[in-house]
Amino acid sequence: MTRPLVAILSGAGISTDSGIPDYRGPNGLWRKDPEAEKLVTYEYYMGDPEIRRQSWQMRRKNRTLQAEPNAAHRAVVDLEKSGVPVRVITQNIDGLHQLAGLPARKVLELHGTAREFRCTKCHARGPMRDAIARVEAGEDDPACLECGGILKSATVFFGERLDPVVLGEAVAITKACQVFIAVGSSLQVQPAAGLAGVAADHGARLVIVNAEATPYDDRADEVVREPIGTALPRLLHELSG
Ligand SMILES: [Zn+2]
């Protein structure tokens, strides 16, 4: 018997046990603080060196790069190791699924990654810690060492498009899977939210694990409100059995 493909859509809630707050969600820190939101809005960032200076200081102080995976991230790795085909589609930029041991090719990062920088001109990339080291050494706004262009984090800023290749793969996985588990996502930010509907439309078993109600709860086969740190390991263990 072929084992069912399990797709896991993860949002901010899977990383709160790792000490990472929700930045981007409808109730996230950025939406509540318009000045902070400017630091991750493409138009402001590209147009204003002072915004870039503040943005680099924010990255320098951000604890995301020091965060460790938690029980929920590890449960996904255990499922993958059990031989069940699994793919993760994540709204998170913290890289914790991979840090927990999930092969990078099994993770689709809809909003990019905070662990790398990217040049806005030549698209060169590198480890974020290298750019942060230049800021620590006194550069306000480190320029691309290849072309002199403006560097930013390799995350999708407000005002930037999602990578169409990543998005296309996410849709394909969602259509192909037999089980779709949305975990720690309010399912209110597109396109991630719409994926839950696509999964249900294509006959996948839809499971939603989230502390709060979501717009897709009435379409779900199972809604779980218990804390993610215990709920996800239990759900995934059942699937691996
Ligand atoms: Zn460049």
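Quick notes on this one:
- The one condition in (1) under 21 Å from ALA133 (Cα atoms); (2) in contact with a strand residue (DSSP E or B) (Cβ under 6 Å, 6 or more places away or on another chain) that LYS61 fails to fulfil: (2)
- Search result, residues across the range 113-171 that are in a helix (DSSP H, G or I), more than 16 Å from the ligand (Cβ to nearest atom) and among the aliphatic types (A, V, I, L, M): ILE132, ALA133, VAL135, VAL165, VAL166, LEU167, ALA170, VAL171
- Close pairs from the range 180-208: first in a loop (DSSP other than H, G, I, E, B), partner of a type in the set (Phe, Trp, Tyr), Cβ under 7 Å, at least 6 apart: LEU187/TYR216; ALA204/PHE180
- THR90 open to solvent by less than 30 Å² (accessible area, probe 1.4 Å), closer than 28 Å to GLU35 by Cβ, more than 16 Å from the ligand (Cβ to nearest atom) and touching a Leu at 6+ places or on another chain (Cβ under 9 Å): yes
- Filtered residues of the range 215-241 (kept if open to solvent by less than 30 Å² (accessible area, probe 1.4 Å) and not in a helix (DSSP H, G or I)): ALA220, VAL224
The values are calculated or read from the model by the stated rules, or taken from the named source; none is laboratory data. The structure displayed is predicted, hence computed values, not measured ones. Here Cβ is always computed from backbone atoms with ideal geometry, including for glycine, and neighbour counts include all displayed protein chains. Remember, those area values only see protein heavy atoms, side chains included, never the ligands or the DNA or RNA. Shrake-Rupley method; radii C 1.70, N 1.55, O 1.52, S 1.80 Å.
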